[in-house]
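S.K.: One structure follows; several queries about it will come next.
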């Protein structure tokens, strides 16, 4: 008996000797913040959950055991630990780092990126952190298939897969939305420069004809989403950045989030002398957005934005000045002190209501205005526009032939009032005084109505195979009132573009876990802009037609190595009819024409990889590239046949690769190396812009001063190798008199910046 009792005591002693409580802390690998409610499992048994400080404990033996850590929004982690381990920090990687798992909100029917049969790229807040904060479009350079022409801070032009490359002054052929509120005008013109990356959570870019989802826009669609905040959170943030050329940007932000409502407000100021003469820039912008839960079944979101801009225009240079005197401005633009200025405002609201458990409606109303004044060497332009509209969409989850499906249908209506007038510029009569307003040359009013009806069906044919069917019907009409009678020409009247039907079909198939192939066929269109319909004399070209396009695409999206590696591959072919081009008729003056057909064929791919080095450093290498084969299928202009020539304004290829480093201590390093191939300068392909390589570097350090107060210090260098290059080109520039063509906008040389961000969470 005594021996039996001793045996029991010995067993008890051994059990306590070799089983002890070990403590752990689990954190967000991206932010370093502790994670609450992380589930710790051994097999199928829940062993513990982390507290609000990210801490949990386990009773472990000396031998290693296998555990899983799970939390919604993060990748599941499998580790082996034992009682011999001291208190340790465990990192969980956000699932947003596994891009395929992100739900795309900008499509008519939200779905995971991996299951959508189209090419969609996401720009996250992490991507914004790689660049300086002066221009939101800096992050767009890193998207395969997108090429951004940046002539100056206010001279930015986006083309997607070559569509919009021939636009002279601004971005068009692309639809854009901010939290579902349209940013593009009814005619399809777009300015993203008014928005600051500091106010955004992420950007979703849909590439290629998307008319079945968004209406007019052959190039694609860009969806901006405001920052989100946790419930019961209040924050205040201030950031200030200084850089070369006396560039300074200040941003003030406040946010308050409660159970049933949230509000976010930001004010920003950006000023710069610019790298070139006549390049001063001054922009003030304010934005307010928020969400109010009206009931368990409804919520209201709203946005108000106002921008005030005055930006001088250095314009383009000829080859000799581009090489030898790149900081100079065009002679006439400098003499006239040409600039653009405007006040622009957007106000919108969106209401989401769950009518039934399986039926939801989202209705948005919006209004915007723009008051602009632009002195140019050849004339002075005054513009005023007001637009208003409504968009409503119903989503129904149901079954069709016993197959789970979702149906979406709705309509969108724009009405835009546009008044334009031109005046003589008498700057030559008053030397060194800049632009002087002279006699009126034209005065027109245009009222444009845009109606758009759409529907989409998502059908799950099997567990792995899905099908998308979509269609859109568009009607665009406008009326013109000619208020200028001195030219004895009256073009007042009502006009209409032909009604356009845009279908779409797409399918996605999961060939293995986390790996999908897809195919899609779609049609799209773009209507002529107001600027394209009007001649320099203020008359309207009633013969212009919308350009239309058909897109066929094959692709692959796949995760590898337990979601640490993500890859995409897209092959596409777009055929465009009734191509809208800007035909130069005099120096800095153009007229829109329909001029034949183009073929846009291309290959795009990207690779993103995340891995931990020495368990304390998160390393993110990435690589993306686009190879373009864009040419005129049929194009005759001014009796010249350009059929078979390459499309000007688009590089043969682009490539980006780099490394991001993040440490537990708060230090981060971002590197980006961009390669841009040569591109034709004109339709004849007689001149080319040289290829170039750019290296950009940025380092930052974040730390807590005391609980709730976070400080971030950063510094960077753009164009670290000091490469001389053209950041934008003016296609088909023509020399008048003895002047050489002015094709080139010089890119900035090596330049530096640094800043501070301070945030406080109440």
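The values are calculated or read from the model by the stated rules, or taken from the named source; none is laboratory data. Here the structure is a predicted model, which is why all the values come from computation and not from measurement. As a convention, Cβ positions derive from the backbone with ideal geometry for all residues, glycine included, and neighbour counts pool all protein chains shown.
S.K.: Residues of the stretch 121-134 being crowded, with 23+ Cβ neighbours inside 10 Å and in a strand (DSSP E or B), which ones?
M.R.: Passing the criteria: only 121.
S.K.: Condition first: modelled with pLDDT of 75 or more, closer than 13 Å to residue 92 by Cα and part of a loop (DSSP other than H, G, I, E, B). Now tell me which residues in the stretch 21-47 satisfy that.
M.R.: If the condition is that a residue be modelled with pLDDT of 75 or more, closer than 13 Å to residue 92 by Cα and part of a loop (DSSP other than H, G, I, E, B), then 35, 36, 37, 38 are the ones that fit.
S.K.: I've got another one for you. Any idea which of (1) in contact with a strand residue (DSSP E or B) (Cβ under 6 Å, 6 or more places away or on another chain); (2) modelled with pLDDT under 85 is the one residue 50 doesn't satisfy?
M.R.: (2)
S.K.: Can you tell me which of 341, 404, 442 is under 27 Å from residue 742 (Cβ atoms) and more than 30 Å from the chain's Cα centre (by Cα)?
M.R.: 442
S.K.: Surrounded by fewer than 17 Cβ atoms within 10 Å (Cβ to Cβ), assigned to a strand (DSSP E or B) and at pLDDT 95 or above: does that describe residue 269?
M.R.: Against the criterion (surrounded by fewer than 17 Cβ atoms within 10 Å (Cβ to Cβ), assigned to a strand (DSSP E or B) and at pLDDT 95 or above), residue 269 qualifies.
S.K.: Is it the case that residue 363 is assigned by TED's automatic domain parsing to the domain that holds residue 282, closer than 29 Å to residue 480 by Cα and surrounded by fewer than 17 Cβ atoms within 10 Å (Cβ to Cβ)?
M.R.: For residue 363, the condition - assigned by TED's automatic domain parsing to the domain that holds residue 282, closer than 29 Å to residue 480 by Cα and surrounded by fewer than 17 Cβ atoms within 10 Å (Cβ to Cβ) - is not met.
S.K.: State whether one or more residues within the stretch 676-697 are out of contact with any helix residue (DSSP H, G or I) (no Cβ under 7 Å at 6 or more places or on another chain) and free of Cβ contacts under 8 Å to residues at least 24 places away in the same chain.
M.R.: Yes, some residue in the stretch 676-697 is out of contact with any helix residue (DSSP H, G or I) (no Cβ under 7 Å at 6 or more places or on another chain) and free of Cβ contacts under 8 Å to residues at least 24 places away in the same chain.
S.K.: Residues 473, 436, 390, 407: which one is assigned by TED's automatic domain parsing to the domain that holds residue 358, out of contact with any helix residue (DSSP H, G or I) (no Cβ under 7 Å at 6 or more places or on another chain), surrounded by 15 or more Cβ atoms within 10 Å (Cβ to Cβ) and over 30 Å from residue 512 (Cα atoms)?
M.R.: 473
S.K.: Among the numbered criteria (1) over 27 Å from the mean Cα position of the chain (by Cα); (2) at pLDDT 75 or above, which single criterion is violated by residue 88?
M.R.: (2)
S.K.: For residue 368, indicate whether it is assigned to a loop (DSSP other than H, G, I, E, B) and either assigned by TED's automatic domain parsing to the domain that holds residue 184 or in contact (Cβ under 8 Å) with a residue 24 or more places away in the chain (or both).
M.R.: Considered against the rule, which asks whether it is assigned to a loop (DSSP other than H, G, I, E, B) and either assigned by TED's automatic domain parsing to the domain that holds residue 184 or in contact (Cβ under 8 Å) with a residue 24 or more places away in the chain (or both), residue 368 comes out as no.
S.K.: Going through 610, 638, 628 one at a time, which residue ends up being assigned by TED's automatic domain parsing to the domain that holds residue 569, surrounded by 17 or more Cβ atoms within 10 Å (Cβ to Cβ) and either without any contact (Cβ under 8 Å) to a residue 24 or more places away in the chain or under 25 Å from residue 529 (Cβ atoms) (or both)?
M.R.: Exactly one residue qualifies, and that residue is 628.
S.K.: Given the structure, is residue 506 under 27 Å from the mean Cα position of the chain (by Cα), at pLDDT below 90 and within 30 Å of residue 559 (Cβ to Cβ)?
M.R.: no
S.K.: Restricting the search to the stretch 688-723, which residues are closer than 20 Å to residue 652 by Cβ and either surrounded by 13 or more Cβ atoms within 10 Å (Cβ to Cβ) or within 26 Å of the chain's Cα centre (by Cα) (or both)?
M.R.: Within the stretch 688-723, 688, 689, 691, 692, 693, 694, 723 meet the criteria.
S.K.: Has the stretch 667-675 got any residue that is free of Cβ contacts under 8 Å to residues at least 24 places away in the same chain, closer than 26 Å to residue 654 by Cβ, surrounded by fewer than 16 Cβ atoms within 10 Å (Cβ to Cβ) and out of contact with any helix residue (DSSP H, G or I) (no Cβ under 8 Å at 6 or more places or on another chain)?
M.R.: yes
S.K.: Which one of the conditions (1) out of contact with any helix residue (DSSP H, G or I) (no Cβ under 7 Å at 6 or more places or on another chain); (2) without any contact (Cβ under 8 Å) to a residue 40 or more places away in the chain does residue 148 fail to meet, given that it meets all the rest?
M.R.: Result: residue 148 fails condition (1) only.
S.K.: Considering only residues that are surrounded by 22 or more Cβ atoms within 10 Å (Cβ to Cβ), farther than 17 Å from residue 224 by Cα and modelled with pLDDT under 90, which ones fall in the stretch 135-152?
M.R.: Answer for the stretch 135-152, where residues must be surrounded by 22 or more Cβ atoms within 10 Å (Cβ to Cβ), farther than 17 Å from residue 224 by Cα and modelled with pLDDT under 90: 149, 151, 152.
S.K.: Let me ask something else. Among the candidates 147, 140, 242, which residue alone is assigned to a strand (DSSP E or B) and under 25 Å from residue 743 (Cα atoms)? Give the derivation first.
M.R.: Values: 140 fails: assigned to a strand (DSSP E or B); 242 fails: under 25 Å from residue 743 (Cα atoms).
Criteria check complete, one pass: 147.
S.K.: If you don't mind, there's one more thing I want to ask. For the stretch 173-181, state whether one or more residues are surrounded by 24 or more Cβ atoms within 10 Å (Cβ to Cβ) and either under 24 Å from residue 692 (Cβ atoms) or in the same structural domain as residue 593 (by TED's automatic domain parsing) (or both).
M.R.: No, the conditions are met nowhere in the stretch 173-181.
Yes or no, residue by residue, for (1) more than 30 Å from residue 548 (Cβ to Cβ); (2) modelled with pLDDT of 90 or more; (3) not in a strand (DSSP E or B):
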{"residue": "418", "(1), (2), (3)": "no, no, no"}
{"residue": "440", "(1), (2), (3)": "yes, yes, no"}
{"residue": "445", "(1), (2), (3)": "no, no, no"}
{"residue": "449", "(1), (2), (3)": "no, no, no"}
{"residue": "454", "(1), (2), (3)": "no, yes, no"}
{"residue": "462", "(1), (2), (3)": "yes, yes, yes"}
{"residue": "473", "(1), (2), (3)": "no, yes, no"}
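S.K.: Now for a different question. Looking at 579, 561, 521, 571, which is the one that is modelled with pLDDT of 75 or more and surrounded by 20 or more Cβ atoms within 10 Å (Cβ to Cβ)?
M.R.: 579
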